[in-house]
1. Name, by its number, the condition in (1) closer than 25 Å to PHE184 by Cα; (2) touching a helix residue (DSSP H, G or I) at 6+ places or on another chain (Cβ under 7 Å); (3) in a loop (DSSP other than H, G, I, E, B) that does not hold for PRO64.
2. Go through the stretch 336-352 and give me each residue that's within 13 Å of ALA426 (Cβ to Cβ) and open to solvent by 70 Å² or more (accessible area, probe 1.4 Å).
3. Since ASP279 meets every condition but one in (1) modelled with pLDDT under 95; (2) within 16 Å of ligand 2 (Cβ to nearest atom), which condition does it not meet?
4. Only residues that are under 21 Å from the mean Cα position of the chain (by Cα) and either open to solvent by less than 20 Å² (accessible area, probe 1.4 Å) or acidic (Asp, Glu) (or both): list them for the stretch 293-328, please.
5. Return the residues of the stretch 236-250 that are part of a helix (DSSP H, G or I) and either more than 25 Å from HIS280 (Cα to Cα) or within 16 Å of ligand 2 (Cβ to nearest atom) (or both); say none if nothing qualifies.
6. If THR372 meets every condition in (1) loosely packed, with under 15 Cβ neighbours inside 10 Å; (2) within 17 Å of ALA426 (Cβ to Cβ) apart from one, which number is that one?
7. Among the residues of the stretch 311-360 satisfying the criterion of being in a helix (DSSP H, G or I) and among the β-branched types (Val, Ile, Thr), which is nearest to ASN296 (Cα to Cα)?
8. Any idea which residue in the stretch 356-369 is farthest from ASP144 (Cα to Cα), counting only those that are surrounded by fewer than 18 Cβ atoms within 10 Å (Cβ to Cβ) and touching a helix residue (DSSP H, G or I) at 6+ places or on another chain (Cβ under 7 Å)?
Amino acid sequence: MGQIVFDNHYVRLPERFYSPQDPVPVREPGSIRLNLPLAEDLGIDTQWLASEAGTAMLAGNYLPEGAEPIATAYAGHQFGGFNPQLGDGRAVLLGEIRARNGRRFDLQLKGSGPTPYSRGGDGRSPLGPVLREYILCEAMHRLDVPTTRALAAVTSGERVMRESVLPGAVLARVASSHIRIGTFQYFAARKDTEALHLLTDHVIARHYPELEDSENRIAALLGAVVARQAQLIAKWQMLGFIHGVMNTDNVLISGETIDYGPCAFMDEFNPEQVYSSIDHGGRYAYRNQPGIAHWNLSCLANSLIPILHNDQEHAIALAQSALDRFPDLFLEANSLGAARKLGLQAIEAGDVPLVDDLWRLMAEQRLDFTLTFRRLADLADETNRTGTVAELLEFPDALQPWLDRWRERAAREPTSAADRQAVMYAANPVFIPRNHLVEAAIAAATDNNDFAIFHQLAELLENPTSYAPELRHFASPPRPEEIVQQTFCGT
Ligand code: AMP
Ligand code: MG
């Protein structure tokens, strides 16, 4: 048996879906970090993966048996403007792995060299973005957010030229699939309805098999993707996560978060917050994320109209009714998320002002997003004084009347204070990959070849909700001089 058991399906689609493309070997592969639990889940021989041969594979220098490497084609709306021809410009899909739970996962190398879609780019990645994606996506996974995963990060022993000369690296990314809204747009833009049908069949079989027998499978698929996006964006909002580049090529049909370029978790709550250096108009600001997701889904709907129904008017009506579900689905998911964060079983009609006032006060008082909820969890059961974050966040007087209202409301719950606190501790992480910590990890690795902070952060974020005071450094907001104002795509 091979070291990895591949079961490739996407490559069986016609050749206009992709270009065969081997990764371009790097000079000197060096292992940075391996995600052994994930490798186990994928049924990969972990001893082999940790060996020199495994590192060579992760760098693109050795093709495992059964791999059929391709760069996939896709299009996308970038900041609202349509680009009919994007595609994997710095990544290759080695193949699909059948995991131990029976599900299939893409294994993709990112930073693996130029492809036909590179448009003049070098197809490589600097070390910084690789470390960033590793930390961020694995943190999201532990925070219970659907996401692509990091199987490994390796150095390439090469330098890449950006604004400065930087060490190069490759990320091994695992995803339920890399099929994007932009993949549908690619074929819709070419009026290739045959490909749209093939892609739809592939997606339903792979991600939504329960829809196979629906009356209109394509309308059902659109509805299901709408629902998964609504759930996903609600999770982002509840964590103060700002994706930063919600282009339609960065929206996966599976409902997983992808593209950890300029993304960031907020420190102080500010609904207008933007970090990405290229997001001048604030299109992808925190508060705009639900609306942008809805807009992105309308691009998917448009792409599907040619195959939704023979009668175009009927097709448009089907698309519209699927899209119209988004606001309610999002609000429902958001409300459930907020309830858990506040230790309530549900947000009832009378609770809406309570929740709205908290968001308003957090913004007015510039409270730290993460610590606010964590401190509320401490206060859910004041008889328990162990492991609180009181030393990290003291609520201002302006919040006291709100706290009294919340205490009163919580007291009407059928649950005990201890139970409410347990739910709140699980729903409100104390550790998030704060920008200044991620930047410190990247700087030490890039400037001094020192990966200690990176490993420390990666380990800590495996348990984002369990606090110990000796870890306070990692739970603390940045000092003024540490605040990260901008993030970069880092391609
Ligand atoms: P992304 O920033 O990942 O959303 O990428 C947008 C598009 O630019 C995709 O088609 C990428 O493959 C391509 N791209 C990004 N960085 C590079 C690079 N260094 N070399 C070639 N293509 C790139
Ligand atoms: Mg992308």
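The values are calculated or read from the model by the stated rules, or taken from the named source; none is laboratory data. Worth saying up front: this structure is predicted, and the values here are computed from it rather than measured. FYI the Cβ positions are ideal-geometry reconstructions off the backbone, even for glycines, and counts take in every protein chain you see. These area figures cover heavy atoms from the full protein model, side chains too; ligands, DNA and RNA do not enter into them. Shrake-Rupley method; radii C 1.70, N 1.55, O 1.52, S 1.80 Å.
1. The number of the failed condition is (1).
2. Once the filter is applied, which keeps residues that are within 13 Å of ALA426 (Cβ to Cβ) and open to solvent by 70 Å² or more (accessible area, probe 1.4 Å), the stretch 336-352 yields only ARG340.
3. (1)
4. If the condition is that a residue be under 21 Å from the mean Cα position of the chain (by Cα) and either open to solvent by less than 20 Å² (accessible area, probe 1.4 Å) or acidic (Asp, Glu) (or both), then ALA293, ASN296, LEU297, CYS299, LEU300, PHE326 are the ones that fit.
5. Taking the stretch 236-250 first, the residues part of a helix (DSSP H, G or I) are 236-239, 248-250.
Passing the criteria: THR248, ASP249, ASN250.
6. With respect to (1) loosely packed, with under 15 Cβ neighbours inside 10 Å; (2) within 17 Å of ALA426 (Cβ to Cβ), THR372 is out only on (1).
7. Start the filter on the stretch 311-360 by keeping residues that are in a helix (DSSP H, G or I), which leaves 312-323, 326-342, 349-360.
Subset that is among the β-branched types (Val, Ile, Thr): 316, 352, 355.
Values: ILE316: 16, VAL352: 28, VAL355: 28 Å.
Among them, the one singled out is ILE316.
8. GLN365
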